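Novice: Supplied in structure tokens, the structure appears directly below.
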Amino acid sequence: MEPTMTNNQKEQDLSQYPYLDKGLEGIVAFSSRKSFIDGAKGELIYAGYNIEVLAENATFEEVCFLLWNERLPNKAELDDLQAKMTAERDIPETVYAYINSTDKKAEPMSVLRTATSMLADSDPDATENSAEANLRKAIRLTAKMPTIIAAFDRVRKGDEIIRPSKKGSTAFNFLYMLNGEEPGPKAERVMDLLLVTHAEHGMNASTFATRAIASTLADIHSAISGAIGSLKGPLHGGANTAVMNMLKGLDKDTDIVAFIKGKLERKEKIMGFGHRVYKTFDPRATLLRVMAKDLAKEVEMEYLYEWSETILKVMKDEKNIDPNVDFFSATVYYSMGIMPDQYTCIFAMARISGWTAHYIEQMENNRLIRPRQLYLGDKNLPWKKVEDR
Ligand code: CMC
């Protein structure tokens with residue numbers, strides 16, 4: 001139950017802290033050069049480049065360089081980053097041992113959170129917090145995360161872990177480790193596009209968590225482990241899994257219009273819709289919508305796309321709410337044969353680039369993040385012995 005304030009407390013405390021903003025909606029807590037969102041126009045920019053331009057032209061590795069350095073790499077710089085990321089793909093034996101030994105029914109995001117935290121133990125820069133060391137750790141974390149995700153997926157299915165390839169892009173290698181065979185160019189391109197579109201997104205909850213942890217001068221592994229925990233929630237990255245769980249609950253006889261209207265009447269949230277910042281179509285949803293249509297057709301699951309379009313129309317008509325990134329990405333992942341509870345892990349595998357960029361930026365001009373709270377409780381109560389309570 002929400003605590004209530006007496007008028008006395010209200011006056012007293014509001015005069016001390018005049019501004020309370022639940023959800024921090026109207027608060028600008030940081031300046032950043034990493035990304036810009038215009039929620040009214042549906043515009044997303046990573047360090048100067050519109051998401052549509054990046055989606056059409058950039059690889060995930062180029063986006064990583066862009067977010068870390070705030071400019072695009074030249075050929076030599078891109079080759080160098082790719083070589084470093086390829087060399088850093090493998091994970092320590094202790095982490096493989098953990099993945100092999102943990103409960104096969106564990107949530108993949110929980111395994112990812114624990115394994116990512118474990119990477120700190122053997123990182124050669126673990127206790128070094130210079131900008132150079134943090135960039136090296138950012139590269140290592142970004143390179144190793146796909147290995148953790150793919151390894152646990154194989155272990156829980158009873159398959160042998162496939163060690164990372166020494167060639168190919170992050171997208172190529174991830175699909176190779178996940179499926180045990182090299183992906184074709186189209187599958188690689190789709191995965192790359194998913195990584196590019198999920199890489200960075202302003203002051204979302206997990207990036208805020210990253211910066212809040214960074215602001216205590218805790219190490220980057222602590223910040224990223226916290227960010228993974230924050231992303232896991234269904235109001236944030238966990239929404240893509242929730243979208244597919246909803247779609248999987250439907251069948252060809254379901255009256256989708258009635259289904260959605262019923263949920264809305266019961267005041268239930270429709271996952272994959274709405275956004276704190278966008279008040280129009282999320283530009284990433286526009287990009288993924290095209291991909292979802294194409295892929296669902298290719299694997300003869302057009303019905304998934306058709307149901308999605310029906311849901312989209314009902315949400316527009318009934319609530320005037322548009323989809324966010326997680327709505328169509330669910331169909332894209334499903335069409336690629338990826339298990340629904342892996343979707344949020346893939347989101348994390350992309351967003352690690354943005355999180356680490358924000359960690360490094362926070363360290364450049366740090367101030368401890370420490371907001372205040374409005375106290376609603378009693379004060380100065382007399383102590384009662386336990387036997388008298
Ligand atoms: N389904 C039904 N109604 C909704 C939805 C939804 N998905 N989203 C917002 N609304 C309604 C909400 O009920 C409220 O209506 P009313 O004013 O009549 O009470 C109004 O819109 C404002 O909603 P809110 O929850 O106050 O908005 P918020 O800015 O706090 O929430 C949100 C943003 C993303 C948490 C919310 O839209 C939501 O819960 N969406 C579903 C979860 C989801 O898809 N999350 C992924 C977000 S994008 C990817 C990411 O960054 O992780």
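Since every read-out is calculated from the coordinates, none of them should be taken as a lab result. The structure presented is a predicted model; accordingly, all values stated were derived computationally and were not measured. All Cβ positions, glycine included, derive from the backbone under ideal geometry; neighbour counts span all protein chains shown.
Novice: Straight-line reach from Lys157: which aspartates and glutamates fall under 17 Å, measuring Cα to Cα and dropping same-chain residues less than 8 apart?
Specialist: Once the sequence-local aspartates and glutamates are set aside, what remains near Lys157 is Asp103, Glu107, Glu181, Asp341.
Novice: What is the order of Lys186, Lys379, Lys269, fewest Cβ neighbours within 10 Å to most?
Specialist: Arranged by neighbour count, lowest to highest, Lys186, Lys379, Lys269 become Lys379, Lys186, Lys269.
Novice: Given axes a ≥ b ≥ c from the Cα gyration tensor, I'd like to know whether the range 239-335 is rounded (a/c under 1.5), prolate (a/b larger than b/c) or oblate.
Specialist: Oblate, because a/c is 1.5 or more while a/b does not exceed b/c.
Novice: If you don't mind, there's one more thing I want to ask. Net charge near Glu188: determine it from the other residues with C-beta under 13 Å of the C-beta of Glu188, scoring Lys and Arg +1 and Asp and Glu -1.
Specialist: Result for the local shell: -1.
Novice: To continue, here is another question. By a straight-distance test (C-alpha under 15 Å), which aspartates and glutamates pair with Lys379 as possible cross-link partners, with residues fewer than eight away in the same chain excluded?
Specialist: Partners within reach: Glu11, Asp13.
Novice: Right, something else. Name the longest site-free stretch of the chain, where the excluded sites are chymotrypsin sites (Phe, Trp or Tyr not before Pro) in a DSSP loop with no more than 14 other beta-carbon atoms within 10 Å.
Specialist: With a cap of 14 other Cβ atoms within 10 Å, the longest stretch comes to 20-374.
Novice: Right, another one. Which lysines, if any, have their Cα less than 30 Å from the Cα of Lys319, not counting same-chain residues under 8 positions apart?
Specialist: Within reach: Lys22, Lys41, Lys232, Lys248, Lys252, Lys261, Lys263, Lys267, Lys269, Lys279, Lys293, Lys297.
Novice: Assigning unit charges at the beta carbon (Lys, Arg +1; Asp, Glu -1) and nothing else, what dipole magnitude in debye, to the nearest 20, does the range 25-135 show about its Cα centre?
Specialist: The dipole of the range 25-135 has a size of about 280 debye.
Novice: State, as an integer percentage, the relative contact order of the range 156-220 based on alpha-carbon contacts under 8 Å between residues 6 or more apart.
Specialist: 20 percent.
Novice: Then there's this: May I ask for the net charge around Arg89, where only other residues with Cβ less than 14 Å from the Cβ of Arg89 are counted and Lys, Arg are +1 while Asp, Glu are -1?
Specialist: +3
Novice: Between Leu78 and Ala258, what's the calculated FRET efficiency when r is the beta-carbon distance and R0 is 56 Å? Round to 0.05.
Specialist: After rounding, the FRET efficiency stands at 0.65.
Novice: Could you check the simple spin-label distance between Ala97 and Asn129, using points 7 Å along Cα→Cβ, in nm with one decimal?
Specialist: So the label points at Ala97 and Asn129 sit 3.0 nm apart.
Novice: Got a sec to turn the phi values of the range 99-110 into Karplus ³J(HN,Hα) couplings, 6.51 cos²θ - 1.76 cosθ + 1.60 with θ = phi - 60°, whole Hz, x for Gly and Pro?
Specialist: Using θ = phi - 60°, the values come out as 4, 5, 9, 6, 4, 5, 8, 4, 6, x, 5, 5 Hz.
Novice: Taking 8 Å as the Cα distance limit and 6 or more residues as the minimum spacing, I'd like the relative contact order of the range 110-259 as a percentage. Don't skip to the answer; put the middle values down first.
Specialist: Values: 120 pairs, mean separation 32.2, N = 150.
21 percent.
Novice: In nm, to one decimal, how far is the Lys22 label point from the Met339 one, both placed 7 Å along Cα→Cβ?
Specialist: 3.7
Novice: Given contacts defined as C-alpha pairs under 8 Å and at least six residues apart, what's the relative contact order of the range 239-335, whole-number percent?
Specialist: Numbers: 113 pairs, mean separation 43.2, N = 97.
Computed value for the range 239-335: 45 percent relative contact order.
Novice: Taking the beta-carbon count within 10 Å as an exposure proxy, list Ser32, Ser169 from fewest neighbours to most. Please list the in-between numbers first.
Specialist: Details: Ser32 16, Ser169 21.
Fewest to most other Cβ atoms nearby, the residues stand as Ser32, Ser169.
Novice: Order these by the 10 Å Cβ neighbour count, fewest first: Ser206, Ser329, Ser122, Ser110.
Specialist: Lowest to highest Cβ neighbour count: Ser122, Ser110, Ser206, Ser329.
Novice: Between Ser110 and Lys316, with labels modelled 7 Å along Cα→Cβ, what's the label distance in nm to one decimal, could you check?
Specialist: 4.0
Novice: Compute the FRET efficiency between Arg189 and Ser32 as 1/(1 + (r/R0)^6), taking r as their Cβ-Cβ distance and R0 = 41 Å, and round to the nearest 0.05. Don't jump to the answer; show the numbers that get you there.
Specialist: Values: r = 29 Å, r/R0 = 0.71.
Approximately 0.90, to the nearest 0.05.
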